[in-house]
Amino acid sequence: MKLTSEIETALRILFENGHEAYCVGGCVRDHLMGIQPHDYDITTSAKPQEILECFTEYKTLTVGLKHGTVTVIINGEPIEITTYRIDGEYKDSRHPETVAFTKDLREDTSRRDFTVNSIAYSPVTGYTDHHNGIKDIDNKIIRCVGEPYKRFTEDALRILRALRFASTLGFTIEDETSKAIHDLKLLLKNIAAERIYTEFTKLICGKNARKILNEFHDVIAVFIPEITPMVGFEQNNPHHCYDVYTHTLVSLESIAPEPLLRWTMLLHDIGKPHCYTENETGGHFYGHYKISSDITKTVLKRLKASKEMIEHTALLVYRHDTLIPITDKSIRRLLMKMGEEDIFLLYDINRADAKAQAKHQIKQRLERIDLLEQKTKEIIAKNECFTKKALAINGNDLIDAGIPKGKEIGIIIDKLLCAVVDQKIENNKEALIKRASQIYRSL
Ligand code: ATP
Ligand code: MG
């Protein structure tokens, strides 16, 4: 295994001081899968005090000392070194009551969540694989170290980590592990919303997200119960060939693995079951975009997503179903409402949505979106005005022209921008001031 020179240094110093030291966890797993590790964790037989004694010539951080972790700075790189640990009893499916240190690597690897995350590597001894993790990597399997029911009861976050790794690595969850996940899913109620949000966001960005979200929708429903009505909800409409949940998952899989986009696809139709109506032409979901957007806010607030993330996702969900006429005026208006960045996100969302609809219409819908996108780029390239910033006047200009300070200024600016965007008036100062006075008088 190729290590960074800083990691090699850390392992060598521990080793030269008579301690065992290994890379362990995600970095070994990723390396064995041919993925470049994004960070390295070191596990050692040295007690925290002994680690500090090995690195007196280096800057060290000791915030994690209680849990056995010392961070050593080598060449400006922070390296986490943790003493072999046995986790004590878990009382709340979250935190071990106590942490004990040990001199036995096997005990440390036995506390780790999955076999694929329990492999240790050192340049001196090569791989140590107490739980057959290498075989599970070869066969693409997520399997608990030890007894799944015990391991998930100890720490329920592992339930979501199993689904996350299966999704991001493209692995299958072994039968006993999978059964325990379904049976113990309610333990997820003990886990802090923030941690659920972080793991679940990684899950939905994984390459196997569709399969995992489908197989484990009952587990996801523990923290997003709003998804349940979508499952198996038939659309009875010639535009659709999937039930609402399958449509959702196919659309999710059809968009780039960015949190904002994946969350938008997951939630874009979540309001559909709440507004279903039927007539001679089939099933309809009038106004579902609005219900979906409201549910989006509820879900993301509950999971403690950032305010920005909640607002942005809810906005894209709200707009996902708007049919945009292919005219310069409509596009300029949409650019005014949404801004340049969001409009292209909206097109990506429209594409993903189209790809999850009835096969016979996909090509035509995609061509239409391509055309819209093309026209939008042309409008932007022409430097036409569609933002307040690009308007040839601002609030101060209006005040200078004699319009009193107050909320009218904002209203006038909005109206002026609309007039410019609709090309009813030119974007030059003189014309705008003249129109502003007229608007002011009419208010
Ligand atoms: P990545 O960093 O790529 O998300 P990782 O496997 O490195 O994946 P981390 O959360 O960084 O995951 O944890 C490092 C290692 O610590 C894991 O590989 C695993 O061995 C162990 N570990 C982490 N969380 C748990 C847990 N909840 N229960 C048991 N072991 C865990
Ligand atoms: Mg890691």
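In straight-distance terms, cross-link reach from residue 405 covers every one of the aspartates and glutamates whose alpha-carbon lies under 13 Å from its own, apart from those fewer than eight places away in the same chain; here that gives 397. Heavy-atom accessible surface of residue 442, to the nearest 10 Å², is about 90 Å², with a 1.4 Å probe and all protein chains retained. For the stretch 256-297, the solvent-accessible area with a 1.4 angstrom probe is 42 square angstrom per residue. If one computes P(r) from the Cα atoms of the stretch 259-388, what percent of pairs lie at distances over 25 Å? In whole percent, the share of Cα-Cα pairs in the stretch 259-388 beyond 25 Å is 31. Proximity of backbone amide H atoms, modeled 1.01 Å from N, is registered between residue 79 and 72, 73, 74 at under 5 Å, excluding neighbours fewer than 5 places apart on the same chain. Note on the stretch 424-443 and the stretch 43-86: Cα centroid distance 68 Å, given to the nearest whole angstrom. Per the Debye calculation on the stretch 67-171 with a single equal scatterer at every Cα and no solvent contribution, log₁₀ I(q)/I(0) for q = 0.10, 0.16, 0.19 Å⁻¹ amounts to -0.33, -0.83, -1.11.
Taking only the alpha carbons of the stretch 130-186, we obtain Rg and Dmax values of 10.7, 31 Å in that order. The fraction of all Cα pairs in the stretch 344-443 landing in successive 10 Å bins from 0 to the largest distance is 14, 34, 19, 19, 12, 3, given as whole percents.
Report, in cubic angstrom per residue, the convex hull volume of the C-alpha atoms of the stretch 49-128.
On the way: hull volume 10.2 nm³, N = 80.
Cα convex hull per residue, to the nearest whole number: 127 Å³.
Considering only the Cα atoms of the stretch 1-135, their convex hull presents on average a projected area of 8.1 nm².
The magnitude of the dipole of the stretch 314-387, with charges of +1 and -1 set on the Cβ of Lys/Arg and Asp/Glu and taken from the Cα centre, is near 260 debye. Heavy atoms of the protein chains alone define the surface here; on that basis the stretch 347-443 has 59 Å² accessible area per residue at 1.4 Å probe size. Ligands, DNA and RNA left out, the 1.4 Å accessible surface of the chain is 50% carbon and sulfur atoms. Kindly express, to the nearest 10 degrees and within the range 0 to 90, the angle between helix 157-169's C-alpha long axis and the longest C-alpha principal axis of the chain. Tilt relative to the chain: about 70 degrees.
Quick check on the stretch 219-278: take the gyration tensor over C-alpha atoms, sort the square-rooted eigenvalues as a ≥ b ≥ c, and tell me if it's rounded (a/c under 1.5), prolate or oblate.
Working: a/c = 2.10, a/b = 1.29, b/c = 1.63.
The shape class here is oblate.
Which value results for Rg/Rh of the chain when Rg is the Cα radius of gyration and Rh the Kirkwood radius based on the inverse mean 1/r?
Numbers: Rg = 28.2 Å, Rh = 25.8 Å.
Using only Cα positions, Rg/Rh for the chain is 1.10.
Relative to the longest principal axis of the Cα atoms of the chain, the long axis of helix 175-184 makes an angle of roughly 60 degrees. Build a GNM of the chain with springs between Cα atoms under 10 Å apart, and of 176, 226, 199 the one that fluctuates most is 176. Set the Cα radius of gyration of the stretch 121-238 against 2.2 N^0.38 Å, with N its number of residues, and you get 1.19. In the elastic network of the chain, a GNM with C-alpha springs shorter than 10 Å, the most mobile of 431, 162, 100 is 431. To the nearest ten degrees, helix 407-421 and the longest principal axis of the Cα atoms of the chain are 80 degrees apart.
For the chain, the residue among 298, 279, 157 whose Cα projects farthest onto the positive side of the dipole built from Cβ charges is 279.
Treating the beta-carbon of each Lys and Arg as +1 and of each Asp and Glu as -1, no other charges, what is the dipole magnitude of the chain about its Cα centre, to the nearest 20 debye? It would help to have the intermediate numbers written out before the result.
Numbers: 61 positive and 64 negative charges, 329 e Å.
Magnitude of the dipole: close to 1580 debye.
Backbone amide hydrogens, once placed in the peptide plane, bring residue 99 within less than 5 Å of 88, excluding anything fewer than 5 places away on its chain. Ellipticity at 222 nm from helices only: DSSP H runs of n ≥ 4 in the chain, each -39500 (n - 2.57), divided by the residue count, give -15500 deg cm²/dmol. For the stretch 186-260, the normalised intensity computed at q = 0.11, 0.16, 0.19 Å⁻¹ comes to -0.31, -0.63, -0.85 (log10 of I(q)/I(0), Debye sum over alpha carbons, equal scatterers, no solvent).
Using the Kirkwood radius over Cα pairs, work out the Stokes-Einstein diffusion coefficient for the stretch 174-226 at 20 °C and 1.002 mPa s, in µm²/s as a whole number. All intermediate terms of the calculation are to be shown ahead of the outcome.
Details: Rh = 11.7 Å.
Approximately 184 µm²/s, per Stokes-Einstein.
Once the 1.4 Å probe is applied to the protein heavy atoms, the stretch 43-148 comes out at 50 Å² accessible per residue.
The values are calculated or read from the model by the stated rules, or taken from the named source; none is laboratory data. Keep in mind it's a predicted model, so treat the numbers as computed, not measured. Heads up, the Cβs are rebuilt from the backbone with ideal geometry, glycines too, and the neighbour counts pull from every protein chain shown. Note: areas computed on protein heavy atoms with side chains; ligands, DNA, RNA excluded. Shrake-Rupley method; radii C 1.70, N 1.55, O 1.52, S 1.80 Å.
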